[in-house]
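Some notes on the structure that comes next.
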Amino acid sequence: MAIEVLFAIFVGLSGGLAVGSGLVAFITVLGIIPRLVQLTKTYKAVQAYELAVVIGALVGTISGLHGLRLSLPDLFTVPVGLAAGIFVGMLAAALTEVLNVFPILAKRIGMEENLMSLVMAIVFGKIIGSLFHWVFYVTF
Amino acid sequence: MEQHIYLQFFSKGSVVSNQTIYVKDIARLEGKSDILPSIMELPIYKINAKDKSHVVIDALTVLQQIHSFFPQITVHVIGREQTVLEIKIQRKIVTPVMLVLVWFLLFIGAALAIMNFHEDVSMLSVHQKLYSLITGKNLTQPLLLQIPYSFGLGLGMILFFNHLFKKRINEEPSPLEIEMFQYRQEIENYLAETNTDRRSKPWQSKSYSPFSSD
């Protein structure tokens with residue numbers, strides 16, 4: 001029995017280690033934190049941001065696995081949704097950037113001057129696609 | 001008396017077809033001021049119809065041209081040993097139509113991609129869980145969370161590309177500008193390193209140089 005418990009702890013710990021380091025590596029590679037630091041000029045707060053990522057991951061794990069429930073007013077979901085969206089948006093933008101999508105596309109079709117409007121096409125596509133998904137698509 | 005001048009290539013960027021490239025177009029010079037203006041005006045290469053999209057000009061090509069007019073000058077090349085010129089081609093395609101087409105393509109593609117992404121990662125059930133975590137209520141369609149999420153998505157992309165706050169927050173180049181620059185530089189490096197047998201040289205093959213045989 002004790003061995004089984006110890007083994008379960010070991011498996012849980014190693015699984016968590018792998019997933020956690022993977023998450024941090026992913027965020028680091030995409031450079032979202034440096035980008036936010038650069039935008040807000042808060043170079044000294046990097047460690048606080050690291051802590052925010054770690055605590056966020058922990059809270060997400062605990063609440064997701066244990067069905068935590070608060071009883072806050074509905075409006076509290078608005079800032080949470082907005083923050084989640086901004087983060088996923090930055091993730092998506094960082095991913096297209098890592099994959100060199102825009103430079104190659106703009107070069108191939110010769111639209112280097114219109115680069116920003118092409119970016120806006122993707123931005124609006126994301127917003128409209130997401131709204132369509134939540135408002136109409138999921139009710140089909 | 002022997003004179004020394006120093007030559008440093010800079011990136012000119014683009015040139016048009018049939019343009020003649022002079023030394024002043026591709027390099028900065030430093031040395032005795034009385035001869036510099038005449039060196040600046042030496043023609044190096046004329047862009048012709050055979051050139052495709054890029055022309056690489058080597059330091060040796062420039063040195064040879066300078067030496068054939070001013071044999072007594074010693075030229076020191078500082079920094080890069082070649083410069084890459086991009087030839088601007090006049091496009092026949094109607095760009096506004098193309099732009100609208102590509103814009104529409106990207107728009108639909110992005111919309112579809114985000115929907116696929118949401119389905120792939122079960123974003124709906126995550127949102128439902130998140131909603132019940134905060135409010136304690138179970139909703140199949142937590143729009144109060146999802147609509148801000150959707151707008152945040154666009155905002156996050158704009159923030160990342162530094163478009164909205166470009167002028168206000170900082171003067172640093174955005175990741176996209178850096179990316180465009182690096183892409184161009186990679187092309188230039190590739191051309192400079194691989195295409196050693198260039199047409200811009202007055203001689204044609206790698207092994208032959210006009211002064212080596214005689």
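Going by average Cβ density within 10 Å per residue, which order do the peptides A:117-126, A:91-100, B:72-81 take, highest to lowest? Walk me through the intermediate numbers first.
Numbers: A:117-126: 21.5, A:91-100: 18.0, B:72-81: 13.8.
In decreasing order of mean packing, A:117-126, A:91-100, B:72-81 become A:117-126, A:91-100, B:72-81.
Quick one: which of B:Lys50/B:Lys88; A:Lys107/B:Lys88; B:Lys24/B:Lys52 span more than 18 angstrom between C-alpha atoms?
Details: B:Lys50/B:Lys88 14 Å; A:Lys107/B:Lys88 12 Å; B:Lys24/B:Lys52 23 Å.
Correct reply: B:Lys24/B:Lys52.
Hey, can you grab everything whose amide H is under 5 Å from the amide H of B:Ile87? Only 5+ residues off in sequence or another chain; H modelled, so Pro and N-termini drop out.
When sequence neighbours closer than 5 places are left aside, the close amide H contacts are B:Val15, B:His54, B:Val55.
Which ³J(HN,Hα) values, rounded to whole Hz and listed in residue order, are derived for region A:132-140 from phi using the Karplus coefficients 6.51, -1.76 and 1.60 in 6.51 cos²θ - 1.76 cosθ + 1.60 with θ = phi - 60°, glycine and proline given as x?
Going residue by residue, I get 4, 4, 6, 7, 10, 4, 5, 8, 5 Hz, with x marking Gly and Pro.
Under 1.5 on a/c is rounded, so check that first for the protein assembly as shown, then, if it is not, pick prolate when a/b is larger than b/c and oblate when it is not; a ≥ b ≥ c are the square roots of the alpha carbon gyration tensor eigenvalues.
Numbers: a/c = 3.12, a/b = 2.31, b/c = 1.35.
Taking the square roots of the gyration eigenvalues as a ≥ b ≥ c, the protein assembly as shown is prolate.
Within region A:1-59, which trypsin sites (Lys or Arg not before Pro) sit in a loop by DSSP and count at most 11 neighbouring Cβ atoms inside 10 Å?
Details: sites: A:Arg35, A:Lys41, A:Lys44; in loops: A:Lys41.
Answer by residue number: A:Lys41.
Provide a whole-number value for the mean count of partner chain Cβ atoms within 10 Å of the Cβ atoms in peptide A:99-105. It would help to have the intermediate numbers written out before the result.
Numbers: counts 0, 4, 2, 7, 10, 2, 3.
Mean partner-chain Cβ count within 10 Å for A:99-105: 4.
Measure off 7 Å from each Cα along the Cα-to-Cβ vector at B:Thr140 and A:Asn100, then give the distance between these two points in nanometres to one decimal.
Modelled inter-label distance: 4.7 nm.
What's the total accessible area buried between chains B and A, using a 1.4 Å probe, rounded to the nearest 100 Å²? Write out the running numbers ahead of the final one.
Working: alone 15530 and 11600 Å², together 20790 Å².
When B and A are taken together, about 6300 Å² of accessible area is lost.
By DSSP, what percent of the beta bridges with both residues in region B:1-93 are antiparallel, rounded to the nearest 5? Please report the intermediate quantities before stating the final value.
Numbers: 13 of 23 bridges.
Here the antiparallel bridges make up roughly 55 percent for region B:1-93.
Antiparallel as a % of all DSSP beta bridges within the protein assembly as shown, to the nearest 5?
Details: 13 of 23 bridges.
If I count the DSSP bridges inside the protein assembly as shown, around 55 percent turn out antiparallel.
Name the residue farthest towards the positive end of the dipole of the protein assembly as shown from the options A:Leu68, B:Leu155, B:Phe69, assuming +1 on Cβ of Lys and Arg, -1 on Cβ of Asp and Glu, about the Cα centre.
Toward the positive end, the furthest listed residue is B:Leu155.
Using a ≥ b ≥ c from the Cα gyration tensor of region A:38-140 (square roots of the eigenvalues), is it rounded, prolate or oblate, where a/c under 1.5 gives rounded and otherwise the larger of a/b and b/c decides, a/b for prolate? Walk me through the intermediate numbers first.
Values: a/c = 2.62, a/b = 1.44, b/c = 1.81.
In terms of gyration-tensor shape, oblate.
Non-local amide H neighbours of B:Arg80 (under 5 Å, H modeled in plane, Pro and chain starts lacking H): which ones?
B:Phe9
Return the distance in nm (one decimal) between the two label points of a simple spin-label model at B:Leu36 and A:Thr28, each offset 7 Å from Cα along Cα→Cβ.
4.8
Give me the distance in nm between label points sitting 7 Å out from Cα along the Cα-to-Cβ direction at B:Val121 and A:Leu51, one decimal.
2.6
Using alpha carbons only, how many angstrom separate the centre of region A:70-127 from the centre of region B:95-110?
The distance from the Cα centre of region A:70-127 to that of region B:95-110 comes to 16 Å.
R0 = 51 Å: FRET efficiency of A:Ala83 with B:His76, Cβ-based, nearest 0.05?
0.35
What residues have an amide H closer than 5 Å to that of B:Gln19, excluding those fewer than 5 places away on the same chain, when H is modeled at 1.01 Å from N in the peptide plane?
Amide H neighbours of B:Gln19: B:Ile47.
What does the helix-only formula give at 222 nm for the protein assembly as shown: each DSSP H stretch with n ≥ 4 adding -39500 (n - 2.57), the total divided by the residues, and the result rounded to the nearest 500 deg cm²/dmol?
Details: 13 runs with 208 residues, N = 354.
Per the formula, -19500 deg cm²/dmol.
Place a point 7 Å from Cα of A:Leu70 in the direction of its Cβ. Which residues in region B:110-140 have their backbone N less than 15 Å from it?
Counting backbone N atoms under 15 Å from the label point, the list is B:129-137.
Which whole-Hz couplings ³J(HN,Hα) result when phi for each residue of region B:80-88 is put into the Karplus expression 6.51 cos²θ - 1.76 cosθ + 1.60, θ = phi - 60°, listed in order with x for Gly and Pro?
My calculation for region B:80-88 gives 5, 9, 7, 10, 10, 10, 9, 8, 7 Hz in order.
Please list 3J(HN,Hα) in residue order for region A:12-22, calculated via the Karplus relation 6.51 cos²θ - 1.76 cosθ + 1.60 where θ = phi - 60°; whole Hz, with x for glycine and proline.
Once rounded to whole Hz, the list reads x, 5, 5, x, x, 4, 5, 5, x, 5, x.
The values are calculated or read from the model by the stated rules, or taken from the named source; none is laboratory data. Since the structure is predicted, the reported quantities are computational estimates derived from the model, not experimental observations. Note that we place each Cβ from the backbone using ideal geometry, even for glycine, and neighbour counts take in every protein chain shown. Surface accessibility is based on the protein's heavy atoms, side chains included, excluding ligands, DNA and RNA. Shrake-Rupley method; radii C 1.70, N 1.55, O 1.52, S 1.80 Å.
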